[in-house]
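Below is one structure; the comments refer to it alone.
The values are calculated or read from the model by the stated rules, or taken from the named source; none is laboratory data. Quantities reported herein were computed from a predicted structural model and do not represent experimental measurements. A quick note on method: Cβ atoms are made from the backbone with ideal geometry, for glycine too, and the neighbour counts reach across all protein chains shown. Just so you know, the surface numbers come from the protein's heavy atoms only, side chains and all, with ligands and any DNA or RNA stripped out. Shrake-Rupley method; radii C 1.70, N 1.55, O 1.52, S 1.80 Å.
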Amino acid sequence: IARERIDESLLLLDEIFELRCEVDLSFYTRIVPLLCQINKCEAGMMLLVKMKASKISPDSSTYGAMIICLCQNLYVDEAVNLFEEMVGSGITPEDDLYVDIVKGFCTLCKFSEAKKFLVDNDVDITCPYNALLGAYCSYGNLAAAKDLFDDMFERSLTDSLSWNFYIRCLCEIGDIKK
């Protein structure tokens, strides 16, 4: 993979499993993120399934790489399922995973699902809310942006980026005085 011989790598990977070679945690934790880096989402998921079938639990970096890859390929529902599995196994997600999932939902114009995801997971960090706020503004949904900003402000989740998103949104619709 490092030498950009991806097709050969995938054939070798198939051969490893056809020969029923035993692989350990370090194999999976190295290969799954590599596959995700080169955007081989399906191959990464196949390895994740084999990993779990071998009774080997994914670690946070393996889960994280796979969730990010799924979001980038707009398999957001699958990413959320994997996220829930990760949290259910006792692994605390990195803050960036919330952002990636929110951005995935917003790319699909599933804003209510993005907000529900944040609420359901009791997220109390600013960055994923900023991602949603920025998407509301980018899509011209001022009413939703205002409601979200007000909620963020009440919960002390605003930062300079939040204010910039909201002010820019107001300027773009011509409400300069506000």
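Within segment 109-120, the set of residues being open to solvent by 50 Å² or more (accessible area, probe 1.4 Å) and either out of contact with any Asp or Glu (no Cβ under 9 Å at 6 or more places or on another chain) or β-branched (Val, Ile, Thr) (or both) comprises Cys109, Lys110, Ser112, Lys115, Lys116, Val119, Asp120. Listed here are the helices (runs of 4 or more DSSP H) enclosed by segment 63-178 that have at least 3 residues being at pLDDT 95 or above and under 30 Å from Met46 (Cβ atoms): 76-88, 95-107, 111-120.
Here's the yes/no breakdown for (1) within 18 Å of Tyr129 (Cα to Cα); (2) of a type outside the set (Ser, Thr, Tyr); (3) touching a residue at least 24 places away in the same chain (Cβ under 8 Å); (4) open to solvent by less than 40 Å² (accessible area, probe 1.4 Å):
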{"site": "Gln72", "(1), (2), (3), (4)": "no, yes, yes, no"}
{"site": "Glu85", "(1), (2), (3), (4)": "no, yes, no, no"}
{"site": "Ser89", "(1), (2), (3), (4)": "no, no, yes, no"}
{"site": "Glu94", "(1), (2), (3), (4)": "yes, yes, yes, no"}
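Pairs only if they're at least six apart or on different chains, beta carbon under 7 angstrom, first in segment 112-134 and closer than 22 Å to Ile167 by Cα, second open to solvent by 50 Å² or more (accessible area, probe 1.4 Å) and part of a loop (DSSP other than H, G, I, E, B); list them, first residue then second. Pairs that qualify, where the first residue is closer than 22 Å to Ile167 by Cα and the partner is open to solvent by 50 Å² or more (accessible area, probe 1.4 Å) and part of a loop (DSSP other than H, G, I, E, B), are Thr126/Asp159.
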